[in-house]
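Some notes on the structure that comes next.
Values quoted throughout were computed directly from the atomic coordinates according to the rules given, and no laboratory measurement underlies them. Computed from a prediction, not measured in an experiment: that's the story for all the values here. All Cβ positions, even for glycine, are placed from backbone atoms using ideal geometry, and neighbour counts span all protein chains on display.
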Amino acid sequence: NLTITGELDAATLDISGAIDVAGTANLDVVDIDGAVNMATTALVTGVLTTTAATVFNGGFASNAASTISTADNSDTLTLISTDADANVGPILSLYRNSANPADNDLLARVNFFGENDADEKTTYAQMSATLLDMTDGTEDASLKFGTRTAGAFDSRLEFLPAETVFNEDSKDIDFRVESNGNANMVFVDGGNDKVAIG
């Protein structure tokens, strides 16, 4: 055993056993200029702050809600695949891994938030997927797109098992198909309940 009551200055310190720091309630500052190599789990019960980019050579799992923020207009999150084959990549998976799936479960939702002039967080657009029928072999789902119009949130496009629906909420919204030479090749007039072609 080695007991040191004062300062220890050493160019190299090789410890093959455990290190027990006693005598203070907290070790306020640990300043390590070189690399730290840990072969087992590192438990941090407080906030872990890094001042440079953090590189994970393996994957990571987060078991709580997480936030990634930037203070400029750079990409907040980039997914990169360096795979050179002909298969798809990168892949973003939204997986509701429910132990008790049921019909009409909301599978996933993507919200597009912004502020209004009252400094309120507002949903301006949304995509959502719903599990309509979870029976093995006859599964059904829906995919819906909505936007806020004149202060109200309305359905704009819905993909359902038996149909595709525009304007399910019956708003005064026109539907227009533009061809190469005609801006109104097919025109559904939402206010007058008319369909024009050409």
Q. Within segment 60-133, which trypsin sites (Lys or Arg not before Pro) sit in a loop by DSSP and count at most 16 neighbouring Cβ atoms inside 10 Å?
A. ARG96
Q) If r is the Cβ-Cβ distance from LYS194 to ALA53 and R0 is 41 Å, what FRET efficiency results, to the nearest 0.05? A) 0.10
(Q) Through the Karplus equation 6.51 cos²θ - 1.76 cosθ + 1.60, θ set to phi - 60°, convert the phi angles of segment 112-118 into ³J(HN,Hα) values in whole Hz; use x for Gly and Pro. (A) 10, 9, x, 9, 9, 6, 9
Q) Just going by the charge dipole of the chain, with Lys and Arg at +1 and Asp and Glu at -1 on Cβ, which of VAL188, PHE56, ASN167 is farthest out on the positive end? A) VAL188
**Q.** Separation of the GLU139 and ASN97 label points, Cα + 7 Å toward Cβ, nm
**A.** 1.5
Q.
Counting only chymotrypsin sites (Phe, Trp or Tyr not before Pro) that sit in a DSSP loop (anything but H, G, I, E, B) with at most 13 other Cβ atoms within 10 Å, what is the longest stretch of the chain containing none of them?
A. 96-198
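Grab the beta carbon distance between TYR124 and PHE166, set R0 = 25 Å, and tell me the FRET efficiency rounded to 0.05.
Details: r = 19 Å, r/R0 = 0.76.
E(calc), rounded to 0.05, equals 0.85.
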Q. Using the Cα atoms as the points, what is the convex hull volume per residue of the chain in Å³?
A. 331
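Mind checking the full-extension length gain between THR82 and VAL110? Use 0.36 nm per residue of separation minus the Cα-Cα distance, one decimal, nm.
Details: separation 28, 0.36 × 28 = 10.08 nm, distance 2.61 nm.
So the extension gain works out to 7.5 nm.
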Q: Using amide H atoms built 1.01 Å from N in the peptide plane, name the residues 5+ places from GLY190, or on other chains, whose amide H lies under 5 Å from its own.
A: ILE173, ASP174, PHE175
Q) How large is ³J(HN,Hα) for each residue in segment 83-93, as worked out from phi by the Karplus curve 6.51 cos²θ - 1.76 cosθ + 1.60 (θ = phi - 60°), to whole Hz, x for Gly and Pro? A) 5, 9, 8, 8, 7, 6, x, x, 10, 10, 10
Q) Out of PHE112, SER128, ASN100, whose Cα points farthest toward the positive end of the dipole of the chain (charges: +1 Lys, Arg; -1 Asp, Glu; placed on Cβ)? A) SER128
Q) Amide H neighbours of SER155 under 5 Å, counting only residues 5+ apart in sequence or on other chains, H built in-plane at 1.01 Å? A) ASP169
**Q.** GluC sites (Glu not before Pro) lying in DSSP loop within segment 120-198, provided at most 13 other Cβ fall within 10 Å
**A.** GLU120, GLU139, GLU163, GLU178
